[in-house]
Amino acid sequence: MLAKASHDLGDRRSAMTQARTAYVCADNADHHGMRAWVRGLQSLIAYWDGRHQEASKYASLGISQVGGVTGTSVVWLSCLQARAGAALGDVAAVRESLAEAEQARDAVSPDDLDEFGGIMAFPVPRQLYYAADATAWLPNAPEAEHQAEAAVAAYRQAEPEDWAFGDQAGAHTDLALARIHAGNLDGVDEAMRPVLDLSVDQRINGIVASVRQVHTALRDPRWLTAPEARVTREEIEAFTAAPVAALPR
């Protein structure tokens, strides 16, 4: 929990140090599920720090340790592998990992980590978000908008225990990216509005990074003089200028 909090505040060094400590604790407790889950957390931290090769490595280490693990962390690891692979441009790995995640979902039997809930569990809406996040990286992916719409709809209908504002925001930024990459600015503001309206105390590291990806996409020469693109870029710059990390510790 400390590692996740440090990550949300953008303190990557502390986050990874605390995650390594968590792994030592899981190892001392001989808890297979927690070992695998912490590898997932390390992959997540590395991914949002732009260290995609390292993110893939940690996801692979976690997958190698899931023998006997039946909970949703198995699904999470495959989704993390898909997302890291997408960032690295490995389209085949993305397709394979997403298929493995689907197979793992069918075989899930909730374990003690799932009983904790929260970030220890990996519900279906979060899986749909990760699939959208991975697909958003791929070139010429006509399914990207459909994947993102499915994730947005899943969070709109999610049970309270399955809902997370950070992942919901990520699904919305993926929808915006899919529309931009498809060459259409219509609906980009609609997709981004719930994100850009978040208060400062909710502008965690992962959300800020996702929003910056939209800003990068809108810097494409096609959109430089488009009024709606300019307005969205300005809003994104104002949003990212005041992240949660700027609040008093």
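The values are calculated or read from the model by the stated rules, or taken from the named source; none is laboratory data. Predicted, not measured: the structure shown is a model, and the values here were computed from it. Note that each Cβ is placed from the backbone with ideal geometry, even for glycine, and that neighbours are counted across all protein chains shown. These accessible areas exclude ligands, DNA and RNA; they are computed on the full protein's heavy atoms, side chains included. Shrake-Rupley method; radii C 1.70, N 1.55, O 1.52, S 1.80 Å.
Structure above, values below:
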{"read-out": "Single residue of the stretch 188-206 satisfying the filter (out of contact with any Asp or Glu (no Cβ under 9 Å at 6 or more places or on another chain) and closer than 16 Å to residue 152 by Cβ) that is least open to solvent (accessible area, probe 1.4 Å)", "value": "195"}
{"read-out": "Tally of residues being surrounded by 23 or more Cβ atoms within 10 Å (Cβ to Cβ) and either at pLDDT 95 or above or part of a loop (DSSP other than H, G, I, E, B) (or both) across the stretch 135-144", "value": "0"}
{"read-out": "Scan of the stretch 226-246 for residues that are part of a loop (DSSP other than H, G, I, E, B) and touching a residue at least 24 places away in the same chain (Cβ under 8 Å), ordered by number", "value": "226, 242, 243"}
{"read-out": "Flag for residue 248 being surrounded by fewer than 22 Cβ atoms within 10 Å (Cβ to Cβ), at pLDDT below 95, under 17 Å from residue 10 (Cβ atoms) and in contact with a helix residue (DSSP H, G or I) (Cβ under 9 Å, 6 or more places away or on another chain)", "value": "no"}
{"read-out": "Residue in the stretch 196-203 that is outside any loop (DSSP other than H, G, I, E, B), within 25 Å of residue 125 (Cβ to Cβ) and without any contact (Cβ under 8 Å) to a residue 12 or more places away in the chain present", "value": "no"}
{"read-out": "Close pairs (7 angstrom Cβ cut-off, 6 or more residues apart or separate chains): free of Cβ contacts under 8 Å to residues at least 24 places away in the same chain and closer than 10 Å to residue 2 by Cα in the stretch 14-28, surrounded by 12 or more Cβ atoms within 10 Å (Cβ to Cβ) and of a type outside the set (Gly, Ala, Ser) anywhere", "value": "18/2; 22/38"}
{"read-out": "Within the stretch 213-238, tally of residues that are within 17 Å of residue 167 (Cβ to Cβ) and open to solvent by 20 Å² or more (accessible area, probe 1.4 Å)", "value": "1"}
{"read-out": "Qualifying position, being under 18 Å from residue 76 (Cβ atoms) and touching a Leu at 6+ places or on another chain (Cβ under 6 Å), among 132, 151, 104, 93", "value": "151"}
{"read-out": "Condition broken by residue 170, with the remaining ones in (1) open to solvent by 10 Å² or more (accessible area, probe 1.4 Å); (2) out of contact with any Leu (no Cβ under 8 Å at 6 or more places or on another chain); (3) assigned to a helix (DSSP H, G or I) satisfied", "value": "(1)"}
